[in-house]
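Before any comments, here is the structure.
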Amino acid sequence: MGKIVVVGRASGRGGEKAERTFRDALESSLPDDWTVFCNVDFLENRRAQEGEADFLCVHRTEGMLLIECKGKGVARGPDGRWYRDEGASSSPMRDDPMKQAQRTIKGLRSELEARCAAIYPGRAFPFVTGHAVAFPRTRKQVVNWPLTWADELVFDCDDLVKIGERVVEALRFWKKASSSNRRPLAPDEYGAFCRRVFQSVFHLAPCTGADMELDRQRLVKLSEEQRRWITGFLGSPRLNVAGSAGTGKTVLAVEAACQLAERGYRTLLLCYTRALANHLYTSVRAQSQSKRNPWVTSFHGLCRYGANLLESGFQAPAEEDGAEERRDFWRTEAPLLLLDAVSQGKVSGFDAIVVDEGQDFTQGWWEVIEELFTDKESARLFVFYDPGQAIFERQSRIPEAPTFNLSINFRNTQAVAELLQRLTPEGTPPVKPHPDAPVGLHPQFKQQGSKKKLVAQLDDEISKLLRGGVRPEDIVLLTPHSRQHSSVAEVDRIAGIPLLDLRLRAPGALTHATISAFKGLEAEVVFLFDIKPDDPRSDDAALYVAASRARARLYVFTRDGQPLG
């Protein structure tokens, strides 16, 4: 007895009784190694055409026969048009039933070939395919039917008792025109093919990646709300904009620089870290619609540029010169070289300067920045800063100017923003989550054990995220110290995905960065670990900076597994 599988629902048309009669005949006549799929709906993507197969009889070696079943008789008039013969009346048909079956099997086969290629790459389609028409409630008249019909392909009421033989006969008819080198599927392959193509379980479960994308889109809309504010700010020649992490200082800084450049000001957009400068440059290119764009660089990038223009030449300290000597050079000597280049006219002046992460600049740098203006009387200086993120141990005071305090978190989900409220250092303006921001999931806190255990934990959590549709490039691992001094020093892959340093950040890879290097940047998912209470680079300010980098998900590994703050 053949296996009958009802894939879709019956069409509900007048032929339902005939279909039921024909299905019973197939079930009782076909051997056990046949599978009959009833009411198969499909979409032929090539033509964007819907199709329906009344019956699809499938055998591993014999092939695949589509049967179009008609409830009552059919007739072709002298004009060549087809009608359903309903006794006292008749209704027009769209097409010749045999041509309808032919069109259906061609469309279905093209879709099945694509599915089979995905399951068994490089393998030819393993089934002979053909079509036939069944009239289980009528008796055929061979003399008058169309020349395009063949006796092997038409089943009537007399064929029901031997329909198993007739199906084989029809497929052997089509086998005459098929390729002789077709290799059938093995029994287990055939079973897997039927299950995955016709009987596949389809379930759309909530997807982490999709949830995060929806949250990201909502946060982007909030960022657009921020951009509208900046037009009012630009009426002031000098302005300081203070705000905690997540309040949108960088978004506003980019918008301010772009608008100033569009108004004809020779504009410089400045920051401290190289990674943030790269991000700012990308943001300007993506956002600006004008041919006039601000010049974007880090402060030390500008120092290097100016020093290279001096006739005396320029050579930065080498690695072997020691960390202290290199730090002193870039903090004090490099700015003086830039000042020399400005005084000699090597570096052209600016009409407007926008500084992001201004708390990272030393007092002496501000004096150099003032010398960069073409006309100090008409100069425009906008400084965006967060006193709570001053993690580079510098004594700096932002230049005096009217100050605007940002008080709403636009970057993070409400769950992450609530944690930041507890971590915000004293003296930093209080910030509340935006009421329209996505709620998100609460940060997860886990106990960090040995390096081996930590890597296993990271592998497990990141694997879950990847299975949930999160992209590897949206995941960043942060530690207080460089990678070679971290728990992932000897780890090249996590969850099978490459782990790259920040300077090599790329699509399809996870990223590792230090907290200080990633300051000013953000990621959908942040893993923070290697936190030690007695480590200055793990102090409250550093943890505040690190946690605020996570837009949507935050995982924190601590010695005791207890929440921060």
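Would you check if LEU441 is surrounded by fewer than 18 Cβ atoms within 10 Å (Cβ to Cβ) and at pLDDT below 90? Here the answer is yes, as LEU441 does meet what is asked.
Between a residue in the stretch 258-283 that is in contact (Cβ under 8 Å) with a residue 40 or more places away in the chain and surrounded by fewer than 22 Cβ atoms within 10 Å (Cβ to Cβ) and any residue that is of a type in the set (Val, Ile, Thr) and not in a helix (DSSP H, G or I), which pairs come within a Cβ distance under 8 Å, given they are 6 or more apart or on different chains? From residues that are in contact (Cβ under 8 Å) with a residue 40 or more places away in the chain and surrounded by fewer than 22 Cβ atoms within 10 Å (Cβ to Cβ), the pairs are ARG266/THR374. Looking at the stretch 288-295, is at least one residue open to solvent by 50 Å² or more (accessible area, probe 1.4 Å) and at pLDDT 90 or above? The answer is yes; a qualifying residue exists.
If the condition is being over 24 Å from LEU185 (Cα atoms), open to solvent by 40 Å² or more (accessible area, probe 1.4 Å) and charged (D, E, K, R), then the stretch 96-121 contributes LYS99, ARG103.
Scanning the stretch 360-415 for residues that are small (Gly, Ala, Ser), modelled with pLDDT under 85 and open to solvent by less than 30 Å² (accessible area, probe 1.4 Å) yields a single hit, GLY388.
The set of residues from the stretch 526-551 being part of a strand (DSSP E or B), at pLDDT 90 or above and either out of contact with any helix residue (DSSP H, G or I) (no Cβ under 6 Å at 6 or more places or on another chain) or of a type in the set (Gly, Ala, Ser) (or both) comprises VAL526, PHE527, ALA550.
Exactly one residue out of GLU44, GLU68, GLU86 is at pLDDT 75 or above and more than 20 Å from GLY191 (Cα to Cα), and it is GLU68. Is there a residue being polar (S, T, N, Q), at pLDDT below 90, open to solvent by less than 30 Å² (accessible area, probe 1.4 Å) and under 33 Å from the mean Cα position of the chain (by Cα) anywhere in the stretch 227-235? No, every residue in the stretch 227-235 fails to be polar (S, T, N, Q), at pLDDT below 90, open to solvent by less than 30 Å² (accessible area, probe 1.4 Å) and under 33 Å from the mean Cα position of the chain (by Cα). Note on the stretch 479-498: among residues that are within 17 Å of ARG549 (Cβ to Cβ) and touching a Lys or Arg at 6+ places or on another chain (Cβ under 7 Å), the one that is most open to solvent (accessible area, probe 1.4 Å) is HIS481. Within the stretch 301-330, being touching a Lys or Arg at 6+ places or on another chain (Cβ under 8 Å) and in contact (Cβ under 8 Å) with a residue 24 or more places away in the chain holds for GLY301, GLY306, LEU309, LEU310. Looking across the stretch 167-198, the residues that are in contact (Cβ under 8 Å) with a residue 12 or more places away in the chain and open to solvent by less than 40 Å² (accessible area, probe 1.4 Å) come down to VAL167, VAL168, ALA170, LEU171, SER178, LEU185, TYR190, ALA192, PHE193, CYS194, VAL197, PHE198. Filtered by the rule that a residue be under 21 Å from VAL167 (Cβ atoms), open to solvent by less than 50 Å² (accessible area, probe 1.4 Å) and modelled with pLDDT under 85, the stretch 9-37 gives GLY15, ALA18.
Which number in (1) open to solvent by 60 Å² or more (accessible area, probe 1.4 Å); (2) modelled with pLDDT of 90 or more marks the one condition that LEU239 misses? Every listed condition holds for LEU239 apart from (1). Checked against (1) part of a helix (DSSP H, G or I); (2) in contact with a Lys or Arg (Cβ under 7 Å, 6 or more places away or on another chain); (3) surrounded by 16 or more Cβ atoms within 10 Å (Cβ to Cβ), PHE155 meets all criteria but (1). List every residue pair whose Cβ atoms sit under 8 Å apart, with the two residues 6 or more apart in sequence or on different chains, where the first one lies in the stretch 496-507 and is within 23 Å of ARG467 (Cα to Cα) and the second, anywhere, is surrounded by 11 or more Cβ atoms within 10 Å (Cβ to Cβ) and acidic (Asp, Glu). Note: pairs meeting the criteria are ARG505/GLU473; ALA506/GLU473; PRO507/GLU473. Scoring ASP459 on the criteria (1) in contact (Cβ under 8 Å) with a residue 40 or more places away in the chain; (2) over 28 Å from HIS434 (Cα atoms); (3) open to solvent by 40 Å² or more (accessible area, probe 1.4 Å) leaves a single failure, condition (1).
The values are calculated or read from the model by the stated rules, or taken from the named source; none is laboratory data. In this text, all values refer to a predicted model and were calculated from it rather than measured experimentally. Glycine also receives a Cβ, built like all others from the backbone with ideal geometry; neighbour counts cover every protein chain displayed. Note: accessible area is taken over every heavy atom of the protein model, side chains too, but ligands, DNA and RNA are not part of it. Shrake-Rupley method; radii C 1.70, N 1.55, O 1.52, S 1.80 Å.
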